[in-house]
Amino acid sequence: MKKTAGAPSEYAAAGVDLETAEAAKARIGELVAGTRTALSTGRVGAFGGMVRIPADMQRPTLVLSTDGVGTKVLVALQAGRFDTVGEDLVNHSVNDILVHGASPIAFMDYIAGSGLGVEQIAQIVEGIARGCRAHGMALAGGETAQMPGLYQPGTYDLAGTIIGVVEEDRALHGDAITPGDVLLGYASTGLHTNGYTLARRIVFQQMGLDLADRLGDTGQTVAQALLAVHRSYYRSVVPVLDRMHGLAHITGGGIGGNLVRILPADSQATVDPDSWDLPPLFTTLQQAGRVSAGEMRDVFNLGVGLIAVLPPGAVAAAQSAAAADGVPTWVMGEIQRGNRTVRFARP
């Protein structure tokens, strides 16, 4: 049966607009092209993205990680912001491979949703491309899937895969960690990309706030505090990577759940919670939500986005490198002999 000119297709009537998809694909192609690096090869828009391994490496080892930004996208949707979560995704992923000593070389994104317009999709990818350019990393490709029926109209989810590379003999695994090492905390910019299900319930349901309202003593609106971009620690750490014995990215599971992942079997990390002031965002959430100290530690980063484990003699150099990148740091504990646990000096 011949389709009437100007009539919507059956696919569009079912919820998938191919014209919008093609227009979005063209915009995405421009953004991807803008992130190409000296390691990029192949064509933009091909079935697969291609990058070369750096030629000067002796025993290159690929480090890969896949993650998302969780329900932070719901806050972004409520605020009508589509670019910041893309940057969140890249920075989170960079930190996840940085803890192994890897440098990022390529990224691929996955956007799945329903009823997103060309500008909305383009803004999401622009945030991703901005994060890639900041790290000299190619956005090698990705996928945008319109899935009505699975997603409510106007909603989406966002995930990505990062590829990094490190010399095999310089990769960090935590096996160099030894009693006497120091724990150096690196300040977060807020919640980063974890704990948003609980935070949203406290802020929007229990506190009854809107995005434009001031959030406690943070000095920010709800939107500003909850949409602060996840900090990348790449430039803070790379200058002193060879001094590090271990690095932990503090994400879901908090300080205890992430720091323990890099500890040798015979080591215990003792964290001094009095070594830093809990940022106002977290005290507001704890008090308004009546959340116990233990649950706060399990759910949120508490203002600590990264922890470096290093010998005392390397602390000054590490703090200097972080300060040059504008990141506050402080000594927050030490490594002792023990049974692969993380202990807080006070309950």
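We did not get these values from a lab; they are worked out from the coordinates using the rules stated. Source: prediction; values computed, not measured. Note: ideal-geometry Cβ built from the backbone for every residue, glycine included; neighbour counts use all protein chains shown.
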Practice problem: Could you please report the charge total around V75, scoring K, R as +1 and D, E as -1 over all other residues with beta-carbon less than 13 angstrom from its beta-carbon? | Solution: +2
Practice problem: Run the dipole for the stretch 223-347 about the Cα centre, Lys and Arg Cβ at +1, Asp and Glu Cβ at -1, nothing else charged, and hand back the magnitude in debye, nearest 20. | Solution: 180
Quiz item: Extension gain S292-A38, at 0.36 nm per residue separation less the Cα-Cα distance, in nm?
Solution: 86.5 nm
Quiz item: Tell me, what is a quarter of the convex hull surface for the C-alpha atoms of the stretch 234-347, in nm² with one decimal?
Solution: 7.2
Self-check item: C-alpha long axis of helix 118-134 to longest principal axis of the chain, angle in °
Solution: 30
Quiz item: Length gain on complete extension for the stretch R343 to A324, per 0.36 nm per residue less the alpha carbon to alpha carbon distance?
Solution: 3.8 nm
Self-check item: Residues I177, I202 arranged by fewest to most Cβ contacts within 10 Å
Solution: I202, I177
Quiz item: Could you give the angle, 0 to 90 degrees to the nearest 10, between helix 84-98's Cα long axis and the longest principal axis of the Cα atoms of the chain?
Solution: 40
Quiz prompt | Cα-centred dipole magnitude for the stretch 14-170, charges only on beta-carbon of K, R (+1) and D, E (-1), debye, nearest 20 | solution = 240
Practice problem: Compute the long axis of helix 18-33 from its Cα atoms, compare it with the longest principal axis of the Cα atoms of the chain, and write down the angle in degrees, 0 to 90, nearest 10. | Solution: 40
Practice problem: Mind ranking 144-155, 223-234, 297-308, 260-271 by how tightly packed they are, going by the mean number of other C-beta atoms within 10 angstrom, highest first? | Solution: 297-308, 223-234, 260-271, 144-155
Quiz item: Quick one: H100, H135, fewest Cβ neighbours within 10 Å first, how do they rank?
Solution: H100, H135
